[in-house]
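The next block holds one structure in the form of structure tokens; read it before the comments.
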Amino acid sequence: MLLNRANKVLGVMNVSDGGITGTIVDVKLILQAAILGNASGLIISHNHPSGILSASVQDDFITRQLKKACEVMDIALLDHVIVTPESYYSYADEGRL
């Protein structure tokens with residue numbers, strides 16, 4: 001989700017459609033969309049169809065990489081949300097951003 005300074009949604013972008021066990025996420029494509037959309041903030045999300053709410057090592061890695069890249073471009077990474085059929089996990093809520 002691309003957001004302006006007032007956290008109003010400017011647009012939503014599908015970054016990747018994954019398979020059963022994973023997907024490829026390119027930080028450059030996310031930042032490209034944010035820059036072209038004049039976004040001041042980002043919220044990223046993905047699903048865990050397994051129902052497991054804990055963040056994986058790969059989830060942590062992409063969050064760190066995207067946060068670093070956003071800092072360089074003065075774009076706020078506001079949250080990374082993992083959605084399951086029953087609930088969700090928020091990096092922001094857990095104090096992990």
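Are any residues in the stretch 76-97 under 14 Å from GLN65 (Cα atoms), open to solvent by less than 20 Å² (accessible area, probe 1.4 Å) and of a type in the set (Gly, Ala, Ser), and if so, which ones?
None - no residue of the stretch 76-97 is under 14 Å from GLN65 (Cα atoms), open to solvent by less than 20 Å² (accessible area, probe 1.4 Å) and of a type in the set (Gly, Ala, Ser), so the list stays empty.
Only one residue in ALA76, ALA34 is touching a Ser or Thr at 6+ places or on another chain (Cβ under 7 Å), within 20 Å of ASN4 (Cβ to Cβ) and of a type in the set (A, V, I, L, M, F, W, C). Which one?
ALA76
In the list GLY22, GLY51, GLY41, GLY37, which residue meets the criterion of being open to solvent by less than 90 Å² (accessible area, probe 1.4 Å) and in contact with a Pro (Cβ under 7 Å, 6 or more places away or on another chain)? Full working, then the answer.
Values: GLY22 fails: in contact with a Pro (Cβ under 7 Å, 6 or more places away or on another chain); GLY41 fails: in contact with a Pro (Cβ under 7 Å, 6 or more places away or on another chain); GLY37 fails: in contact with a Pro (Cβ under 7 Å, 6 or more places away or on another chain).
The unique qualifying residue is GLY51.
Which numbered condition in (1) of a type outside the set (A, V, I, L, M, F, W, C); (2) in contact with a strand residue (DSSP E or B) (Cβ under 6 Å, 6 or more places away or on another chain); (3) modelled with pLDDT under 95 is the only one that TYR89 fails?
Here TYR89 clears every test but (3).
Inspect all residues belonging to the stretch 4-11 and state whether any of them is open to solvent by less than 40 Å² (accessible area, probe 1.4 Å) and charged (D, E, K, R). Full working, then the answer.
Narrowing the stretch 4-11 to residues open to solvent by less than 40 Å² (accessible area, probe 1.4 Å): 11.
Next, only the ones that are charged (D, E, K, R) stay: none.
No: zero hits.
The values are calculated or read from the model by the stated rules, or taken from the named source; none is laboratory data. Since we're looking at a predicted model, the values are computed, not measured. Heads up, the Cβs are rebuilt from the backbone with ideal geometry, glycines too, and the neighbour counts pull from every protein chain shown. Remember, those area values only see protein heavy atoms, side chains included, never the ligands or the DNA or RNA. Shrake-Rupley method; radii C 1.70, N 1.55, O 1.52, S 1.80 Å.
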